[in-house]
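Trainee: Got a structure here, written out as structure tokens. Questions coming.
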Amino acid sequence: MRRRSLLAATSAALVLTVSAGLGLTGCGSPRMAALHANCTTKGLRWKLTVLKKPAHGMHRSARLTIVNKTSRPCVFGGYPLFEVHVGKGPMAGGKGRGAVPPPIDLRAGGTVTTALRYKDAEPGIPSAECLVSNVEATVAAPHDRSLRSITARDESGRRSLLNVCDDTVWMSPPKEAAQ
């Protein structure tokens, strides 16, 4: 009888220890990210939404939404590549704010968002004075060399022109969107 109760207590302690350990290293943790391959540009669905410009403001905000369209989790480790070009001419490139963010273990169908902020045409000044104007941007997953061109859209889903009047588009650290 004593042997059974000792065995039951040991089993219960082992179950609690394993459960606590799994809770600390859940699927979205950097520890689990080491088990998965890096996300690829091809395996992600990209969406660029240009947000409404504040009245009398010189800066514009946009949102880059990235969805893992594969059936396996992948690691989204760092800032994505983001560029706006005018042919082979001028270019504005994305630059992350702050330190390199920790890797995100992006589950199948999971979403990552990055806020973008850039200097837009000033009120009363034509957009032709801006460094770059285009309806498309070039993107790539962190640590991936394959590029993809995406169309900028406004909040209603219509094509939107990106008027970038500086050579930098500032990016916030990527965050995993809640389900």
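Trainee: Can you tell me which residues in the stretch 105-163 are hydroxyl-bearing (Ser, Thr, Tyr), at pLDDT below 95, under 15 Å from residue 51 (Cα atoms) and not in a loop (DSSP other than H, G, I, E, B)?
Mentor: 118 - this is the single residue of the stretch 105-163 that is hydroxyl-bearing (Ser, Thr, Tyr), at pLDDT below 95, under 15 Å from residue 51 (Cα atoms) and not in a loop (DSSP other than H, G, I, E, B).
Trainee: Looking at the stretch 73-96, which of its residues are within 18 Å of residue 143 (Cα to Cα) and not in a strand (DSSP E or B)?
Mentor: Of everything in the stretch 73-96, those that are within 18 Å of residue 143 (Cα to Cα) and not in a strand (DSSP E or B) turn out to be 73, 77, 78, 79, 80.
Trainee: Among the residues of the stretch 50-72, count how many are closer than 25 Å to residue 108 by Cα, open to solvent by 70 Å² or more (accessible area, probe 1.4 Å) and assigned to a strand (DSSP E or B).
Mentor: Qualifying residue count, the stretch 50-72: 1.
The values are calculated or read from the model by the stated rules, or taken from the named source; none is laboratory data. Fair warning: this is a prediction, and the values are worked out from it, not measured in the lab. For the accessible areas, the whole protein counts, side chains as well, though only heavy atoms, and no ligand, DNA or RNA atoms are used. Shrake-Rupley method; radii C 1.70, N 1.55, O 1.52, S 1.80 Å.
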